[in-house]
């Protein structure tokens, strides 16, 4: 396929792209039809029907991907009439292309266009998940630093802080203290929290922030009182998780946070380099 044809097709697909108020992409079947090389709606509907079947076979609800709509169009001298159309997600467009006439250049292009767009979205979502986990870890790091300062001001040294945090973990992880969970996850180096999934990091942070609040407001003194407070808060958070069927000690570990941070920095350097303006 010639470069000029590819460029023209890409512009055509981009021009009929619509966005919801939330920024979600969608296309209308009537607008997609001619761009995919179909002169007759009846023939295009055959590809759509096959795409719907493929969607259901893949385990998805076709109604979520192919939304039937009615639109008003103008005809004659200012007259209007209703016409049936279908609002399509990116995945729906991809399935239509997969089920279209492979002899058409437009179909071949569309298969690549929507496949790449879908993968692009997957990469964006994956990156957002990584950023979310990194941000949660940073929040926990901040709250634990605050707890360390609070207990130091109340007569507890670094060793005492480690004991308080470990007993808090034991309450959160159903009897497994920090060392037990590191053994369970096979962690040789690094902090336990660096390998926890987002929900568990958030749970630890909530319990720690409650401890900070009560230590400050009630002016709790000494390792015993602060430990009692922290253990109770972790038990309370565990209870909430349990009511939703979540056992923190049973959730598999994830890739080390520090490794993810290095990956994100590397990606940012690549993006910066690729976006440089060349002479």
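Read-outs: derived from the displayed coordinates by stated rules, not from any lab. Because the structure is a prediction, the values reported are computed rather than measured. Neighbour counts run over all protein chains shown; Cβ positions are idealised from the backbone, glycine included.
Key figures for this structure:
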| item | result |
| --- | --- |
| Potential lengthening between residue 49 and residue 185 on full extension [0.36 nm per residue; Cα-Cα distance subtracted] | 44.2 nm |
| GNM result for the chain, Cα springs below 10 Å: residue of 155, 23, 175 fluctuating most strongly | 23 |
| Estimated distance in nm for a label pair at residue 199 and residue 235, the labels positioned 7 Å out from Cα along Cα-to-Cβ | 2.3 nm |
| Contact order normalised by residue count of region 126-274, Cα under 8 Å, 6+ apart, percent | 33 percent |
| FRET efficiency, 1/(1 + (r/R0)^6) with R0 30 Å, evaluated for residue 128 and residue 8 via beta carbons | 0.35 |
| Nitroxide proxy distance, nm - points 7 Å out along Cα→Cβ at residue 105 and residue 152 | 7.0 nm |
| For the chain: relative contact order, % (alpha-carbon pairs under 8 angstrom, 6 or more apart) | 14 percent |
| Using a Förster distance of 25 Å, the FRET efficiency for residue 218-residue 249 (Cβ separation, nearest 0.05) | 0.25 |
| Cα long-axis angle, helix 158-172 against the chain (0 to 90 degrees, to the nearest 10) | 60 degrees |
